[in-house]
Each structure stands twice: as structure tokens, then as C-alpha cells.
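Everything below concerns the one structure shown next.
Taken together, the values in this text are just the output of simple stated rules run on the coordinates, not laboratory data. Since we're looking at a predicted model, the values are computed, not measured. With ideal geometry, Cβ positions are generated from the backbone for all residues, glycine too; neighbour counts draw on all protein chains shown.
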Amino acid sequence: MKTKILSIFAILITITTYSQQTLSGTVTNEWGKFLNDAHIIIVGKQTGVVAIDGRYQITAQPKDTLRVSHLGYETKEVLVSDKKNIDFIVSLATLDEVLISVQAESRVTCGFSYCYTTCVTNCSVELTEETLGNAIPEKTSTITLYPNPSPSGYFKLKFPEKHKDLSVEVFSITGQKIRSFLFNELSTTVSLDLSSLAKGIYLVKAAAGDKELGTQKALVH
């Protein structure tokens, strides 16, 4: 009887091991840039890996679904099936999605492999509406930011009509104000120099006096 149980146990282990497969792939954005620190997890399991230089390798079963996430980008899911290679191409998230994902992910218990970098590097972070402050975008925006993305970090901000005493504030995606610009002359277009900032996503908020004109997402690429 004992021998039979051991045999059955050995068969089950063999079946489980055989059903697992190692697959690899890349994570890039719409412009083909490899995304470092993207997180790939198996949905429904506390199993995952972090992409190094945009490349990853993970062991999964055919029935598993992989989910990729990266701060500032939409999440994407793919069924493993019989694939040996899965390359993810992710698109930029909307402003609301980015802010929501920052708040939600900042509350994940640090230590899990799929926790965002902000959580890993600062486990005490607790982003709230107050800390995000004025970086929360308006539902509608009357301003246009171009070119966007900008490889050089230089942007033009266009308004539908001329304004005087314009103020433009630039926030990090976590709500920290990092730049302020003041424009006193009457104009419909102003120039923004963000070339000294690291590559990433920023929030640009414009106002004329007490009137808020809108918020746009700026990608320094």
C-alpha cells in the first residue's frame, strides 16, 4: 500500500513538473524602448519576476496568464498556452490610470516581486490625494503640449486664446513639484525647457491667474 501511494505521488510530481515550461521575452513601449524594472507576474499567484534591461524569463504552466505592469504604462495580460516566447508591447496609460496605479501600488506590502520600484525603494510611502495635490489632472484640458514625447526635453505649450500672467508647474508622477514657470507677456504659445529632467513621465499644469487651464502628460523620451 505504501509503495502504491509513493508511486502515485511520484507520478503527480512528474506531471506537474512536465506541465511547467520556461519562457522568456521582452517588454518594450510603443517606440521600441526596452522597459527596465517592468514586472511580470502570474495572475492569481504570488509569483513573478522583474525585467532587467527589458528582458525576462519565468517558469509557468500553459494554463497560466502573465500580466506585465510598469509605472506609467497600461497593464497587459497574455495566456501562456504553448508559447515559449512572449514579447510585451505596452502603451502609455492615461493620466487617471497612472495616478490610480501609483496610489494603489504604493500600498502593496513591500517584498513581493511585483511591487513597483517606488514601493521597493521607499516602503513607507503612502500616496494620498493630499500628497498628489495639484498634480491630479482636470477632466478636460484646453491646452496642447507638443512635441510629445520629446527626445530633447523641449516642449511647446499652446492655448486656444491669449493669456497674461501664465503660470506653469511641472510635477513628477508621484505629485512632487519639480519646476515652475511664469510668463507675463500676452501669448498663445510658451516654451518649456525640461531637458535637465530624467527620462520619464511628468504632469504639466497651466493656469492664468486663478483660472486653471488644464493638465497634460509630458513624456521626456
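Please compare each pair in Lys33/Lys156; Lys76/Lys164; Lys162/Lys217; Lys33/Lys158; Lys83/Lys217; Lys33/Lys164 to a cut-off of 32 Å on the Cα-Cα distance and tell me which ones are over it.
Too far apart for the 32 Å limit: Lys76/Lys164; Lys83/Lys217; Lys33/Lys164.
Once R0 is set to 30 Å, what does the formula 1/(1 + (r/R0)^6) return for the Cβ-Cβ distance between Lys199 and Lys63, expressed as a FRET efficiency to the nearest 0.05?
Here the calculated transfer efficiency is 0.20.
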